[in-house]
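Worksheet: the structure to be examined is printed underneath.
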Amino acid sequence: YDEATACLERLQALAPEDPVVCLSLVELLHDAHPHDGETAERIVKLIAGLENETPVLTALLLYKARALRTLGLDDAAATTLTRAWRRKKGRSEDLLRTIRYERALTYEALGRKARARREFEAIYAEAPGFEDVAERVLGGRCESG
């Protein structure tokens, strides 16, 4: 991770406006330190001011929201995820589903259980094998068939 991070940091210094380089760096930072506050702050700073104009920028907003959640800024994370969710054209189903899942987790953290459940149910209806939505929606009930 350290060598890859250093390489991406050098690349970003050469192309600071390149969203693909930024996404690669942010993804790596998040994967290496998913619950670290300093890393989360760095991610938020790297992504500050982005608009949801392309699929790559949508993915960056997802990582920004994850970082905001790490920092305990759940309202800001929910707002960021809603911004990311608004544009669906050209976005992969997996990216959109992940945004919806993260938004459901954020609603849970905010105590908005009914809203979170609606999100989890919608995900389950589309993709019952996604993450842990089946467990969340069905609550351990046995499925027959």
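The values are calculated or read from the model by the stated rules, or taken from the named source; none is laboratory data. If you're wondering where the values come from, they're calculated on a predicted model, not measured in any experiment. Here the Cβ is made from the backbone with ideal geometry for all residues, glycine too, and neighbour counts use every protein chain on show. These area figures cover heavy atoms from the full protein model, side chains too; ligands, DNA and RNA do not enter into them. Shrake-Rupley method; radii C 1.70, N 1.55, O 1.52, S 1.80 Å.
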Practice item. Please name all residue pairs, on different chains or six or more residues apart, with Cβ atoms under 8 Å, provided the first residue is in the range 112-126 and is without any contact (Cβ under 8 Å) to a residue 40 or more places away in the chain and closer than 17 Å to THR82 by Cβ and the second residue is outside any helix (DSSP H, G or I) and among the hydrophobic types (A, V, I, L, M, F, W, C). Key: ILE123/PHE130
Practice item. Determine which member of the set ARG87, ARG91 is modelled with pLDDT under 95, surrounded by 15 or more Cβ atoms within 10 Å (Cβ to Cβ) and not hydrophobic (A, V, I, L, M, F, W, C). Key: ARG87
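State all residues of the range 1-42 that are among the charged types (D, E, K, R) and under 15 Å from LEU57 (Cβ atoms); if no residue qualifies, say none. Give the steps one after another, and end with the answer.
Keep residues of the range 1-42 that are among the charged types (D, E, K, R), which gives 2-3, 9-10, 17-18, 27, 31, 36, 38, 41-42.
Once the filter is applied, which keeps residues that are among the charged types (D, E, K, R) and under 15 Å from LEU57 (Cβ atoms), the range 1-42 yields GLU17, ASP18, GLU27.
In the range 82-145, which helices (runs of 4 or more DSSP H) lie fully inside it and hold 3 or more residues that are in contact with a Leu (Cβ under 8 Å, 6 or more places away or on another chain)?
93-109
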Practice item. Scan the range 84-106 residue by residue and report those that are farther than 14 Å from ILE123 by Cα and in contact (Cβ under 8 Å) with a residue 40 or more places away in the chain. Key: THR106
Practice item. Could you check TYR63 against (1) of a type outside the set (D, E, K, R); (2) in contact with a His (Cβ under 7 Å, 6 or more places away or on another chain); (3) open to solvent by 30 Å² or more (accessible area, probe 1.4 Å) and say which number it fails? Key: (3)
Practice item. Only one of these is open to solvent by 50 Å² or more (accessible area, probe 1.4 Å), of a type in the set (A, V, I, L, M, F, W, C) and without any contact (Cβ under 8 Å) to a residue 60 or more places away in the chain: ALA109, ALA32. Name it. Key: ALA109
Review point. GLU17 is checked against (1) under 15 Å from the mean Cα position of the chain (by Cα); (2) surrounded by fewer than 16 Cβ atoms within 10 Å (Cβ to Cβ); (3) not in a helix (DSSP H, G or I) and fails just one. What number does that condition carry?
Key: (1)
Review point. Can you name the residue in the range 40-60 that is open to solvent by 10 Å² or more (accessible area, probe 1.4 Å), farther than 18 Å from TYR101 by Cβ and of a type in the set (A, V, I, L, M) and, of all such residues, is modelled with the lowest pLDDT?
Key: LEU50
